[in-house]
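The values are calculated or read from the model by the stated rules, or taken from the named source; none is laboratory data. The shown structure was predicted, so the numbers you read here are calculated from the model rather than taken from an experiment. So basically every Cβ, Gly included, is an ideal-geometry build from the backbone, and we count neighbours across all protein chains shown.
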Amino acid sequence: MTRLLQLFSIGIKRVGKPSVIMEPPINNVTYFDKTDIARSINYLVKAFIVILFAIALFVPISYLEGKAMGMRVPLFVGSALVIPVYERFRKVGRVPYPHVADAFLVLPFVVDTFANVAGLYENFAVTDDILHCINWVFLVCAFQAFRYRRNRQNPDAILLGAGFGALAIVIWEIMEWAVDTSGAGGGLGLTYGDTIGDLTLSTSGGVIGSLIGVYWLGALREVSSE
């Protein structure tokens with residue numbers, strides 16, 4: 001009888017307490033995409049790329065002469081439209097919107113344009129080397145952030161991201177070679193050493209970005225709802 005009274009008492013105490021329901025785990029990137037801060041950072045990054053190009057194109061800055069800033073607009077500013085356009089024409093809308101991938105995709109172009117506008121390339125010889133590495137970290141993080149929205153599988157994920165980064169720098173160097181040989185914008189004056197250095201640094205940055213993407217953005221987290 002005493003035992004029954006104890007059980008009844010416990011049941012009374014639990015009445016009115018909200019039950020916690022654990023939802024299926026989600027990737028960190030999906031969780032981040034739901035936050036206001038991710039949306040705000042994404043919009044801020046896109047505002048920066050527009051402002052920086054407005055300065056580069058309409059403010060007379062001597063050290064920007066010959067850098068063909070106008071020719072960069074379609075690629076650099078266009079990067080801010082890639083994911084919005086893709087999301088717009090998908091048959092099934094993605095909820096929430098991939099703000100993290102979107103911001104990471106635009107960041108390399110923001111950083112490079114800022115370095116040009118601020119004169120970092122002219123004043124610090126290591127700027128190009130540093131940014132080749134950093135920008136490929138951002139680029140591959142964008143790839144992994146977008147990939148983990150659709151795929152939670154980790155097998156070969158690090159190599160997949162690193163391979164994407166390596167392919168991207170090869171394409172980039174081909175584009176630079178085409179600009180250099182055509183003489184557009186006065187030519188880039190590239191050397192074999194420049195190309196090898198860029199390939200090495202960007203590929204290394206891609207590996208770092210892939211590791212961040214897999215172990216941070218792709219990591220699962222528990223989500224509870226009351």
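Given the residues 172, 177, which is the only one that is crowded, with 17+ Cβ neighbours inside 10 Å and of a type outside the set (A, V, I, L, M)?
When all the criteria are applied, what remains is 172.
Please pick out the residue among 75, 81, 120 that is farther than 24 Å from residue 158 by Cα, under 17 Å from the mean Cα position of the chain (by Cα), surrounded by fewer than 20 Cβ atoms within 10 Å (Cβ to Cβ) and modelled with pLDDT of 95 or more.
None of the other options fit; the residue is 81.
Any idea which residue in the stretch 84-102 is modelled with the highest pLDDT, counting only those that are hydrophobic (A, V, I, L, M, F, W, C) and surrounded by fewer than 16 Cβ atoms within 10 Å (Cβ to Cβ)?
Checking each candidate, the answer is 85.
For residues that are outside any loop (DSSP other than H, G, I, E, B) and modelled with pLDDT of 90 or more, tally how many sit in the stretch 1-38.
9
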